[in-house]
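Below is one structure, written out as structure tokens; comments come after it.
Every number here is computed from the coordinates shown, using simple stated rules; none is lab data. Owing to the predicted nature of the structure, the values given are computational and were not obtained by experimental measurement. Virtual Cβ from ideal backbone geometry, glycine too; neighbours counted across all protein chains shown.
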Amino acid sequence: MRKIYVIGLCICTAALIASHDVYSQDNTNETITRFIARQAKANDADTYPEARKELSGDLNRDGKRDIVVLYTLEGFGGGNNYAQYLAVFLGYGRAYRHAANTVVGGKLNRSVELRSIVGSTINLNTKEYRSNDPACCPTLSRKTRFVFRRGKLTEIK
């Protein structure tokens, strides 16, 4: 009988955690999706949702969860160019507000992968272009960091 109680407790706890995450995630996704759609429209580009990556942390150290998003816009003006952006959404209770964004990579620039958040520092893995790399495929593995301070994202190499 004790095992049944423990299993039941685990299932209930998992259901409560899942339902809370679904609520928060829906709110976050809507805010982020609207922001990216506006950026795409303003730049005459398309979004690439499959490439979007998100991490959470407390970037401004106010005790609330903040979201960092790496997203890609492509097809600027109908071409095959693309750019990768890093955006910060600060948590305000159950809502999130855009606080900063900047270009971090793109075609003939570098390819970027979101790795981790430590304090107000966002860690990224990059692939830089060597002199003989084709436009599609940078090959030089590197790392970089961005710090969120005073409402701005700044790269620290």
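Want the number for residue 56 to residue 33: 0.36 nm per residue separation, take away the alpha-carbon distance, what's left?
So the extension gain works out to 6.7 nm.
Under a straight-distance cross-link criterion of Cα-Cα below 27 Å, which lysines are reachable from residue 53, leaving out those fewer than 8 residues away in the same chain?
41, 64, 107, 127, 143, 152, 157
In what sequence, highest mean first, do 90-100, 42-52, 129-139 appear when ranked by Cβ atoms within 10 angstrom? Numbers along the way, then the final one.
Working: 90-100: 15.1, 42-52: 13.5, 129-139: 10.8.
Going by the mean number of other Cβ atoms within 10 Å, highest first, we get 90-100, 42-52, 129-139.
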